[in-house]
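The values are calculated or read from the model by the stated rules, or taken from the named source; none is laboratory data. Remember, predicted model here, so these are calculated numbers, not experimental data. Here Cβ is always computed from backbone atoms with ideal geometry, including for glycine, and neighbour counts include all displayed protein chains. Side chains included, ligands, DNA and RNA excluded: accessible areas come from the protein's heavy atoms. Shrake-Rupley method; radii C 1.70, N 1.55, O 1.52, S 1.80 Å.
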Amino acid sequence: MHILICGGTGCRASKSELIQTNLEDALKAKGLEDEVQVVTTGCFGFCEKGPIVKILPDNTFYIEVKPEDATEIVEEHIVKGRQVMRLLYTDPDKKETVSDAKNMGFYKKQIRIALRNCGFINPENIEEYISRDGYGALGKCFEMTPQDVIDIIKKSGLRGRGGGGFPTGLKWEFASKNEADQKYVVCNADEGDPGAFMDRSILEGDPHSVLEAMAICGYTMGADKGVIYIRAEYPLAIERLKVAIGQAREYGLLGKDILGSGFNFDVEMRYGAGAFVCGEETALIHSMEGLRGEPTVKPPFPAESGYNGKPTNVNNVETFANVPVIINKGADWFSAIGTDKSKGTKVFALAGKINNVGLIEVPMGTTLREVIYEIGGGIKDGKKFKAVQTGGPSGGCLTERHLDTPIDFDNLLAVGSMMGSGGMIVMDEDDCMVSMAKFYLDFTVEESCGKCTPCRVGNKRLYELLDKITEGKGTREDIDLLRNLSAVIKDTSLCGLGQTSPNPVLSTIENFYDEYMAHVDDHKCVAGQCKALMQYVVDPELCVGCTLCARNCPVDCITGERKEAHVIDVEKCIKCGACMDKCKFNAISIQ
Amino acid sequence: MAKIKLAKDKVEKLIEICKSFNNEGSELINVLHKAQGTFGYLPAEVQEVIARELGVSVAHVYGVVTFYSFFTMVPKGEFPISICMGTACYVRGAEKVLEEFKKQLKVPIGETTEDGKFSISCLRCVGACGLAPVVTIGERTYGRVSAGDVADILKEYRN
Ligand SMILES: Cc1cc2nc3c(=O)[nH]c(=O)nc-3n(C[C@H](O)[C@H](O)[C@H](O)COP(=O)(O)O)c2cc1C
Ligand code: SF4
Ligand code: SF4
Ligand code: SF4
Ligand code: FES
Ligand code: FES
């Protein structure tokens, strides 16, 4: 028997380490420590209901486990073979408990390729990776010529998962054709999209899959050095990578003459330091060289002149994680999954106002509706769906009418968003779209490297215009100005950051024009989020005169006699919301 | 060059860190990470020693330190509070949580309370979006934080 415990960042924050200790103690108390193995894995994906504990071989999936539940799990489930019912997931529609994850709505539509091992193996034990075909693909590659391997990747149709969607095989081919005394394989683990944690989860849950793929890439292009550029904000992923690199060296899977092939390859790590633009590959390379992470003009592409001026192939974590499986199962197997021009699956970090926040992997071509309603379990607290944002700060906000769009690189671009690296944020009726655009612009302004004027100054102006609108001081002309300025920034910025930064503005204007108009014409924020446009009012019909609100108002602007309807002085009100939170009769609302 | 006012043992520690990276200028970011890990922040004097040891200009070191938001030139509080302002946390109300921290501690973002106990900063996604809104204090992570929880959280660290 095995007990698997999620050791992902989300579950760790909810004390999953203590659950492990308690389980081990409880097993010891029963003298079962040799029969039952307790294994810490990477993220299971269902972070919303974490911490997750799974029992094998019967696949029982326990959710929201607390450290104090450990004894009961051991005494009931392990010793007596009875499931602990209260820790099982309850299907919200059928109101039945589900014990096997396979039958949960959250997992049913998922196909796990990049995440194949996350939540199944102990990432700190190379043996577990090897027992699931790990490093088999590398061995297989040594029996082929580098060009054969490149051809498999080309034929599979794999496209870069870092955002751009460039065909991976083609990129490898370019790098392999450039002759040089030294070449490099770089793994981009900078994952800058705020609210996305795909790459992090792969590195935490299955670091060897990335190391193996980097070695395969090195073999195809003739590089003997790999570098992983990872955010310093990801301490657990860094730790697990270090362990994995150490073990791979020990097993002769990294280092000199790997598996007797005569091929040498080793991997080292470089740390980012909190600059989103360093995810852009030229900036990333400068950062690796110890410089400020400012992008430079392409060409030259990294494949010609990258790290230390040598041919360099940069791929994203998730792109790499797909590679070993493609080698093992074949190009045809992979290209049978997905849509015409986007093959395989995509991992998304599903977050926001959705019931099942978590990490999911779906075949390309799955619709947004399926993701949000079937996998995501719909909108939180029974609210109304309003928008879904993909592509992070470079992407756009899509609406109800896009829900049946099959997700792939080209479809998302066509509707004014983009695939991006995999952030997917769901918003409901309480989210103001102008504020959302402002939120992203605030991010861009902070993260622009400042090298070119349209991005450095233009985005600031965009932010100011949006701020003016949310303050209720905007005009119709400002909306036109936003559009024109956006077009200029897109056309004249040097790197991808500036070229895409107006997307959140343009897509919200396009899809939520009425909301912009309501802000400028009627000075109203329908979502009730823009403070300057809100007024707190008491409904005299509902107010019973309990005085609670008046006693809690920090500026004493609510008046009224006991048992009589109260009134808010809107001039003095500072819109803190305390009264509305306190009123037990829902008599206070925002208008 | 400006006179270096750092205590001798600290200078030695820095020299040692630089040496562990073979005094290579291209290792600057790694050196800065190590130095900040050791001293908690990177004041001008520390940057001067690093520049000298790696054989690069102080301006270059300063340029790199100020480019990356992870590096700081001011000391953080004993309990550094970071409020996640990633998108997932933002849409689940992180702004209100931030306001509450600012209100209770009476310091703006990026500053430390007078007693040196707390400092407030924002970060973008710690990867625990399932628990949004997320706040970290030192090594600890708090999930599903609401403005109402702030006082209780601070209480844990106050005495
Ligand atoms: C502003 C900006 C930020 C980026 N951030 C990332 C990132 O965090 N992770 C990533 O893999 N790619 C990022 N990219 C894309 C990289 O430049 C590069 O295209 C990618 O790493 C290539 O790998 P792939 O072909 O496997 O996708 C970013 C691009 C831009 C313009
Ligand atoms: S577009 Fe922005 S981030 Fe990119 S190089 Fe120009 S200023 Fe820097
Ligand atoms: S708390 Fe509600 S019911 Fe009581 S006085 Fe205020 S508005 Fe009226
Ligand atoms: S919102 Fe705040 S300031 Fe305004 S009436 Fe209510 S409690 Fe008073
Ligand atoms: S972190 Fe545990 S399920 Fe995602
Ligand atoms: S956005 Fe806050 S943890 Fe991801």
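Numbers at a glance
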item: For region B:1-43 versus region A:407-431, the gap between their alpha-carbon centres in whole angstrom; result: 44 Å
item: Distribution of pairwise C-alpha distances over region A:1-124, 5 Å bins, in %; result: 2, 12, 22, 26, 20, 12, 5, 1, 0
item: Calculated over chain A: convex hull of Cα atoms, volume per residue (Å³); result: 169 Å³
item: For region B:8-67, radius of gyration divided by Kirkwood radius, i.e. Rg to Rh on alpha-carbons; result: 0.90
item: Whole-Å distance, taken between Cα centres, linking region A:306-329 and region A:103-154; result: 14 Å
item: Cα-based Rg and Dmax for region A:433-521, where Dmax is the largest Cα-Cα distance (Å); result: 12.0, 37
item: Two-decimal ratio, region A:223-353, of alpha-carbon radius of gyration to 2.2 N^0.38 Å; result: 1.22
item: Entries in A:K94/A:K383; A:K155/A:K310; A:K54/A:K343; A:K49/A:K102; A:K242/B:K19 that, when Cα-Cα distance is taken, lie over 24 Å; result: A:K155/A:K310; A:K54/A:K343
item: Whether region B:79-158 is rounded, prolate or oblate, judged on the alpha carbon gyration tensor where a/c under 1.5 counts as rounded; result: prolate
item: Cβ-Cβ FRET estimate between A:L18 and B:E156, R0 fixed at 22 Å, reported to 0.05; result: 0.85
item: For chain B: rounded, prolate or oblate by the Cα gyration tensor [a/c cutoff 1.5]; result: prolate
item: Heavy atoms of B:Y41: accessible area, 1.4 Å probe, square angstrom to 10; result: 70 Å²
item: Per-residue mean of C-beta atoms belonging to partner chains within 10 Å, peptide B:65-72; result: 5
item: Carbon plus sulfur fraction of accessible area for region A:2-103, probe 1.4 Å, in percent; result: 46 percent
item: Gain in span if fully extended, A:K30 to A:A565, counting 0.36 nm per residue against the direct Cα distance; result: 186.2 nm
item: Chain A: calculated mean residue ellipticity at 222 nm from DSSP helix runs of at least 4, using -39500 (n - 2.57); result: -10000 deg cm²/dmol
item: Equivalent ellipsoid dimensions for region A:535-590 as semi-axes, Å, which come from the Cα gyration tensor, largest first; result: 15, 11, 10
item: Distance between modelled label sites at A:L56 and A:R82, nm, 7 Å Cα→Cβ extension; result: 2.7 nm
item: GNM top mover of B:R140, B:R92, B:R124 - chain B, alpha-carbon springs below 10 Å; result: B:R140
item: Relative contact order for region A:126-330, counting Cα pairs under 8 Å that sit 6 or more residues apart, in percent; result: 30 percent
item: Per-residue SASA entry for A:I130, accessible area with 1.4 Å probe, Å² rounded to 10; result: 60 Å²
item: Å² per residue, accessible surface of chain A at 1.4 Å; result: 39 Å²
item: Sequence-separation-based contact order of chain A, relative, with Cα cut under 8 Å and 6+ spacing, percent; result: 11 percent
item: Part-to-part distance (alpha-carbon centres) for region A:221-283 and region A:470-510, which is given in Å; result: 38 Å
item: Total accessible surface hidden between A and B, rounded to 100 Å², 1.4 Å probe; result: 3200 Å²
item: Members of A:K572/B:K76; A:K572/B:K102; A:K582/B:K102 lying beyond 26 Å, as alpha-carbon distances in this model show; result: A:K572/B:K76
item: Residues with amide H under 5 Å from that of A:T60, placed H, sequence gap 5 or more; result: A:I55
item: Mean residue ellipticity (222 nm) of chain B, computed from DSSP H runs ≥ 4 via -39,500 (n - 2.57), nearest 500; result: -13500 deg cm²/dmol
item: Other-chain or far-sequence residues with amide H under 5 Å of A:F166's (modelled H); result: A:G160
item: Surface/4 estimate of mean projected area, convex hull on alpha-carbon atoms of region A:75-190, nm²; result: 12.3 nm²
item: Choice from B:G93, B:G55, B:G25 with maximal GNM fluctuation in chain B (Cα, 10 Å cutoff); result: B:G55
item: Label-to-label distance, nm, for residues given as A:E268 and A:E127 (7 Å Cα→Cβ offset); result: 3.2 nm
item: Alpha carbon convex hull of region A:330-445, volume per residue in cubic angstrom; result: 102 Å³
